[in-house]
Amino acid sequence: MSWRSSSRGVVLTAYHPSGGEGDAPGGYYYILYLKMLTRDFFWVYVYSRRSGQYTMNHDHSKKIPDGVSFDRSGSQDSLDELSLDDYWKELENIHETRGNNHEEGVALVVKEPDEGELEEEWLKEAGLSNLFGESSGDSQESMVFLSTLTRTQRAAVEKRVETVTQTLRKKNKQHQIPDVRDIFRLQNDSKGKVYDGSEPSTVRTSENKNETQDGTKGPKFNLGTDEQKSPLEDMPSLDTDINLEIPFAEQAANLKDSSVGNIYKGGGGDTLLPNFRLPKDKTGTTKIGDLAPQDMKKVYSLALIELTALYDILGTEFKQQKAVKIKTKDSGLFGVPLSILLEQDQKKVPGTKIPLIFQKLIAQIEETTLETEGLLRIPGVATRVKSLCQELEAKFYEGTFNWENVKQHDAASLLKLFIRELPQPLLTVEYLKAFQDVQNLPTRKQQLQALNLLVLLLPEANRDTLKVLLEFLQRVIDHRDKNKMTLKNVAMVMAPNLFTFHGFGSKTIEQSEFVMAAGTANVMRFMIQYQKLLWTIPKFIVNQVRKQNAERQKKEKKDKAMKKLLKKMAYDREKHEKQEKTTNDTDVPQGVIRVQAPHLSKVSMAIQLTEELKAGDIVARFLSQKSGNVQMLNKEEVFLYEIGGNIGERCLDGDTYMKDLYQLNPNAEWVIKAKQT
């Protein structure tokens, strides 16, 4: 692939599949597009590999509109510097493999949604289905949820609720359909004031650190949408700073129509990706896997709403695809849904989260050496790969497959084949197009923010498998001096395997693969380069989860039925609590926390909080106690957990400053335990 530009036009070259007259099905021809800068027509030159001749066509019907600029976008810029040869060669290898393999499966049918159906599905995914339809009266939980949303998030919800309610009025007039304004008015009345995220920007900003706006005791949360501040006051000072405290849509709204926003535009020099930096958070960085399942459900809903709000602000369409269910294999290795694969594998290895065949193929590639030149780029022998695939299907679970017969390039081809043959793409049917469309966002920073939210939306099995894949690809890149596989080379090779999903049907692929080439390769580079950041849960989302939990607890305390129950139990409970408080008050004075470690020899310890005390220091203090069972553990295997209060459960990173976190969640318990992997 090449790209040349001048004042007269732009020239592109690419492989493209062909099945027309004179070419056998599955053949290829080169297409050379020459877009002349005239308003009458453009020429299309086609070079057939079979005939060795050019043909020339021009299309008078496709006129270039007035005022069209040929300024190049971020993905187009990269074409100047990134040779796409590896992409097209890999695509050719994929098509040839499909011709020799059983990889052609039943195409998924993507259902075109009816009016309002897309928005209705979106509200269900966001956990807000009780805002419409017959269940709209029972929306107390949603009111709590809505009270924690930012302005841009609320606007995204209102827009979808309005569309759904209008559709329901047309279809079903006998039900009482609430007006979207009534829904949000009810939520406003329940609070007296709409939550707009205007709390102080840090936890330690006043003497009354734990007093909320309504005078009750409790931590304050910042979502970074204080209207009193200058729009850019809270923005990162450097282009490479990533701010996870302020919601991404709020950042985009602040920069919208601002000349200052131009400094964030993605421009030339795209080969050298920015060195995006994640500033340290004193209350700790939260990674995917650190939160309890009940809080991760809230993270999913918030991530979906935030992503939609971001796309709304940027004027970009965000649509979830929905595939009609098709019959898939219920056993085997290749072409089997991830969920079924893991169900099979967990019978053999309980608790495994990554398909065993996927793990083994990566291990097989690494067993030789990652310094092999052209690793991942040079394909295995097609007939041998097909034979190995069939043999693996028959012998892998029996444990009789001979891995010594698998050459490294064959293993790499099998790994890519596994990804391509999944009956639904690794990035899911729902979000594959959204991943592809990230390339259309105006700035690199917004592209990264969108990818971060999309990763949060993936099902756990897909996300875990993708993480293992990206970590492996980074290890390959780490040996680039020997294997000649740089970040851009690996991205070019892997992008067709991850983004050109054969289940959508060949026609869709053929029409879109040329357009997708540069953009998806860039998205692939982003995913590899910034994978650690992508697996971070933004602080503003964690804060919203905390606020939801705190608000729900407040409402539960006010519940009349609960009060009656508490009165019946009052005497015995008060007596027990007084005894407990007497013990706790003497054991834990002010400025001290009690840390439990039930699985260690030192099961409990009072820890004095200081400005510099970190979670890792507490773990080290426990592990320093000599004991037989402690010798089986090390600092990398056990972590300090924050449990209860305004969070379900959260595994703390070692650099968490405990005094800051304690002020954010004073009612939490602190427990040291091993992390489940």
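The values are calculated or read from the model by the stated rules, or taken from the named source; none is laboratory data. Predicted model only: the values in this text are computed from it and were never measured. Neighbour counts are summed over all protein chains in view; Cβ atoms, including those assigned to glycine, are modelled from backbone coordinates with ideal geometry. Areas reflect the complete protein model, heavy atoms only, side chains present, ligands, DNA and RNA absent. Shrake-Rupley method; radii C 1.70, N 1.55, O 1.52, S 1.80 Å.
Below is a table of values for the structure above.
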quantity: Listed residue pairs exceeding 24 Å between alpha carbons, taken from K322/K547; K287/K348; K614/K675; K360/K386; K297/K327; calculated: K322/K547; K287/K348; K297/K327
quantity: Y397 - accessible surface, heavy atoms, 1.4 Å probe, Å² rounded to 10; calculated: 60 Å²
quantity: Of the trypsin sites (Lys or Arg not before Pro) in segment 324-418, those whose Cβ has at most 10 other Cβ within 10 Å and which sit in DSSP loop; calculated: K325, K327
quantity: Cα pair distances exceeding 20 angstrom across segment 332-411, given as percent; calculated: 36 percent
quantity: Anisotropy class of segment 338-504 from Cα gyration tensor, a/c 1.5 cut; calculated: oblate
quantity: Accessible surface of segment 590-676 [probe 1.4 Å, protein heavy atoms]: carbon and sulfur percent; calculated: 48 percent
quantity: Subset of K159/K280; K329/K484; K298/K554 violating a 26 Å alpha-carbon distance limit; calculated: K159/K280; K329/K484
quantity: Accessible area (Å², 1.4 Å probe, nearest 10) - M143; calculated: 10 Å²
quantity: Percent carbon-and-sulfur accessible area, segment 338-504, ignoring ligands, DNA and RNA, probe 1.4 Å; calculated: 47 percent
quantity: Sites matching GluC sites (Glu not before Pro) across segment 381-443 that sit in DSSP coil, with at most 14 neighbouring C-beta atoms within 10 Å; calculated: E398
